[in-house]
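The structure under discussion appears below in the form of C-alpha cells.
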Amino acid sequence: GESVGLHLPTLSVQEGDNSIINCAYSNSASDYFIWYKQESGKGPQFIIDIRSNMDKRQGQRVTVLLNKTVKHLSLQIAATQPGDSAVYFCAEKPGNNAGNMLTFGGGTRLMVKP
Amino acid sequence: DGGITQSPKYLFRKEGQNVTLSCEQNLNHDAMYWYRQDPGQGLRLIYYSQIVNDFQKGDIAEGYSVSREKKESFPLTVTSAQKNPTAFYLCASRSQVGDFNQPQHFGDGTRLSIL
C-alpha cells in the first residue's frame, strides 16, 4: 500500500510463501506502470512494467496485475526469498506527459523471515 | 559495463555552500532525471532533461540547478538557497528510442548531509 509520512507499510512473509504488494495509483489517465525494488543505500532497481492495455504481465517469479476500474496495481512474488527483502515502489506515467515523467508511490517494505 | 554512476556516495555541505552531485551514464540515453528521496518516502522530481542543452523543472526545483552540456552527464547543484538539503539524491536515465513507455534506470544515489 501507500506510505504515510515516515512510516512505511510493512509486509512480513515467511520464506517460501508468496507475497502480494499493493499500490493504489492516482491518475486515471496513466498509461504505463512500473514496479521498482530498492535495497538499503541503493537506487531503485526495475522489476517489471505493464501498459494500460494489459491487465496482467508475468516475469521470472513476479506477476503484475492492473485493475484500471479501481486504479489498483499489485506485485506478486512467488516463493519469496530472503534476497527479496527491500522496499518496493510502484510508479505511474500519466499519458498526457511530454517529459514522460513518473509519479512514485510511497513504498512498501517487504521483510522475509527465514 | 553499462550503467549510471553517481558520485560521491556521501557528501557534506556547510552552511552557505553550494555543492554539486555528479551523474554520468554510458547507456546512450537521451533523457535524464534527478530525484530527491526523504526517509520513508517516495521519489520527488527535481529536474529533468530530454536532450542535450535543454532541461525542465520538476516538482521541487527551488534551490537546485542543473546543466546538460553532454549527453552522458547531468550534474545537479544544491545551492545555499535550498534550506533543507539533507536527503538521498537519485539520478535516472531513460531511452527515448522507439516506444515512449520505457522504464527509467537509476544510479545508486548520493546521500547529502549538512555539517
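Scanning region A:40-69 for residues that are more than 10 Å from chain B (Cβ to nearest Cβ) and within 18 Å of residue B:42 (Cα to Cα) returns a single hit, A:40. A residue that is farther than 20 Å from residue B:40 by Cβ and either touching an Asp or Glu at 6+ places or on another chain (Cβ under 7 Å) or charged (D, E, K, R) (or both) cannot be found anywhere in region A:102-110. Evaluate region B:93-106: report whether one residue or more is within 14 Å of chain A (Cβ to nearest Cβ), of a type outside the set (D, E, K, R), touching an Asp or Glu at 6+ places or on another chain (Cβ under 6 Å) and within 29 Å of residue A:31 (Cα to Cα). Yes - at least one qualifying residue is present in region B:93-106.
Of the residues that make up region B:9-29, is at least one among the aliphatic types (A, V, I, L, M), within 13 Å of chain A (Cβ to nearest Cβ), closer than 17 Å to residue B:105 by Cβ and more than 14 Å from the chain's Cα centre (by Cα)? There is at least one residue in region B:9-29 that is among the aliphatic types (A, V, I, L, M), within 13 Å of chain A (Cβ to nearest Cβ), closer than 17 Å to residue B:105 by Cβ and more than 14 Å from the chain's Cα centre (by Cα). Within region A:95-113, the presence of a residue that is more than 13 Å from the chain's Cα centre (by Cα), in a strand (DSSP E or B) and within 13 Å of chain B (Cβ to nearest Cβ) is excluded.
Given the structure, is residue A:74 exposed (fewer than 14 other Cβ atoms within 10 Å of the Cβ), more than 14 Å from chain B (Cβ to nearest Cβ) and touching a residue at least 40 places away in the same chain (Cβ under 8 Å)?
Details: exposed (fewer than 14 other Cβ atoms within 10 Å of the Cβ): no; more than 14 Å from chain B (Cβ to nearest Cβ): yes; touching a residue at least 40 places away in the same chain (Cβ under 8 Å): yes.
Taking the combined requirement at face value, the residue does not satisfy it.
Put simply, of B:83, B:71 the only residue that is among the charged types (D, E, K, R) and either touching a His at 6+ places or on another chain (Cβ under 9 Å) or closer than 22 Å to residue B:5 by Cβ (or both) is B:71.
Residue by residue, here is whether (1) among the basic types (Lys, Arg); (2) closer than 18 Å to residue B:37 by Cβ; (3) surrounded by 14 or more Cβ atoms within 10 Å (Cβ to Cβ) holds:
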| site | (1), (2), (3) |
| --- | --- |
| B:51 | no, no, no |
| B:55 | no, no, yes |
| B:61 | no, yes, yes |
| B:64 | no, yes, yes |
| B:68 | yes, no, yes |
| B:81 | no, no, no |
| B:89 | no, yes, yes |
| B:97 | no, no, no |
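Scoring residue B:48 on the criteria (1) part of a strand (DSSP E or B); (2) more than 9 Å from every other protein chain (Cβ to nearest Cβ) leaves a single failure, condition (2).
Scanning region A:67-108 for residues being closer than 20 Å to residue A:41 by Cβ and of a type in the set (D, E, K, R) gives a total of 1.
Of all residues in region B:1-21, which are in a strand (DSSP E or B), within 30 Å of residue B:95 (Cβ to Cβ) and not polar (S, T, N, Q)? Of everything in region B:1-21, those that are in a strand (DSSP E or B), within 30 Å of residue B:95 (Cβ to Cβ) and not polar (S, T, N, Q) turn out to be B:4, B:10, B:11, B:19, B:21. Looking only at residues of region A:41-65 that are surrounded by fewer than 20 Cβ atoms within 10 Å (Cβ to Cβ) and in contact with an Asp or Glu (Cβ under 6 Å, 6 or more places away or on another chain), we find that the one that is nearest to residue B:111 (Cα to Cα) is A:42. Listed conditions (1) surrounded by 16 or more Cβ atoms within 10 Å (Cβ to Cβ); (2) touching a Gly at 6+ places or on another chain (Cβ under 9 Å); (3) more than 27 Å from residue B:39 (Cα to Cα); (4) not acidic (Asp, Glu) are all met by residue A:79, apart from (1).
In region A:6-39, which residues are within 12 Å of chain B (Cβ to nearest Cβ), in a loop (DSSP other than H, G, I, E, B) and charged (D, E, K, R)? Residue satisfying the conditions is A:39 alone.
Answer yes if at least one residue in region B:38-45 is among the charged types (D, E, K, R) and more than 12 Å from chain A (Cβ to nearest Cβ), and no otherwise. Within region B:38-45, none of the residues are among the charged types (D, E, K, R) and more than 12 Å from chain A (Cβ to nearest Cβ).
Here, each number is a calculation from the coordinates, and none is a lab measurement. Owing to the predicted nature of the structure, the values given are computational and were not obtained by experimental measurement. Here the Cβ is made from the backbone with ideal geometry for all residues, glycine too, and neighbour counts use every protein chain on show.
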